[in-house]
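Data first, discussion second: the structure below is written as structure tokens.
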Amino acid sequence: MAAFHPSLDQLPPEIAVFPLPGALLLPGGRLPLNIFEPRYLAMTQDSLATGRMFGMIQPEPGAPHGAAGPGLYRIGCLGRLSSFAETEDGRLLITLTGVIRFRVAEELAMRRGYRRVRADYAGFEADLDLGDKPVGVDHATLLGALRPFFQARGIEANWEAIEQTSEEMLVLTLAMVCPFEVREKQALLVAATPEERAEMLVSLLRIGAHAEPGGGDMPPDRKPS
């Protein structure tokens, strides 16, 4: 077992959540975050003191707002703070490593300005398995879809490093970092199997290679909610 990798019975039943449009965390993925708003500085500090975990979740486009803020998608991903640094101007630079997806069973009262939920991990137990997860898509297929997508958006890439990355890690990384729409990111998150996620990723890359950049519903500044 990897260092600090929790078992199912060690997962917190109540978690803080960071609602951020377009930010996707997947189990096993690593998401760098620049924390500067007071409520999310408080959330990070509290998480450091209590298990080092909080959830990433996206606001749902078009969902009605409630007392706590924008309506949220029902599925997010719990992450563990795996690196942490403080800047001279008071920001926190952290890396969140994905642990397991969760369903929002209930939204709880806010604490120090940040949102909290009761998390239901049922059905996502396989996310905790650290073994290999074949994705059913080979490098040639992934690169054949990725190259035109990056070219259409003027994205520079280290192709040598990409070619040396395993298919499993490549699918995970591309799903998280590619500039897909909020709804597309959510679909990648909720994919039932690694194979389904890989097939969806290839389809999104192929469609995106022929779409106008910036036509999605992800705000360019990805402001938290």
Pairs where the first residue, in the range 1-18, is closer than 20 Å to residue 113 by Cα and of a type outside the set (A, V, I, L, M, F, W, C) and the second is modelled with pLDDT of 90 or more and exposed (fewer than 13 other Cβ atoms within 10 Å of the Cβ), C-beta under 6 Å, 6+ apart: none
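Taking the criterion of being within 19 Å of residue 176 (Cβ to Cβ) and among the small types (Gly, Ala, Ser), would at least one residue in the range 41-48 satisfy it?
Looking for residues that are within 19 Å of residue 176 (Cβ to Cβ) and among the small types (Gly, Ala, Ser), one finds none in the range 41-48, hence no.
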Selection count, the range 83-97, where residues are in a strand (DSSP E or B) and either touching a residue at least 24 places away in the same chain (Cβ under 8 Å) or surrounded by 14 or more Cβ atoms within 10 Å (Cβ to Cβ) (or both): 7
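In the range 71-87, which residues are more than 13 Å from the chain's Cα centre (by Cα) and within 15 Å of residue 40 (Cβ to Cβ)? Can you show your working first?
Applying the first criterion (more than 13 Å from the chain's Cα centre (by Cα)) to the range 71-87 yields 71-72, 74, 81-87.
Selection gives 81, 84, 86, 87.
Of all residues being within 21 Å of residue 197 (Cα to Cα) and β-branched (Val, Ile, Thr) in the range 98-126, which is surrounded by the most Cβ atoms within 10 Å (Cβ to Cβ)? Just the residue, please. Reasoning before the result, please.
Initial filter on the range 98-126 (within 21 Å of residue 197 (Cα to Cα)): 98-103, 121-126.
Add one more test, that the residue is β-branched (Val, Ile, Thr), and what stays is 99-100.
On the way: 99: 24, 100: 22.
Residue satisfying both the conditions and the ranking: 99.
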Odd one out for residue 28, checked against (1) of a type outside the set (Lys, Arg); (2) on the phi < 0 side of the Ramachandran plot; (3) under 19 Å from the mean Cα position of the chain (by Cα): (2)
Identify, from the list 138, 129, the residue that is out of contact with any Leu (no Cβ under 7 Å at 6 or more places or on another chain), farther than 20 Å from residue 174 by Cα, surrounded by fewer than 20 Cβ atoms within 10 Å (Cβ to Cβ) and modelled with pLDDT under 95. 129
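The values are calculated or read from the model by the stated rules, or taken from the named source; none is laboratory data. Keep in mind that this is a model prediction, so the values were computed, not measured. No Cβ is skipped: glycine too gets one built from the backbone with ideal geometry, and neighbour counts run over all protein chains shown.
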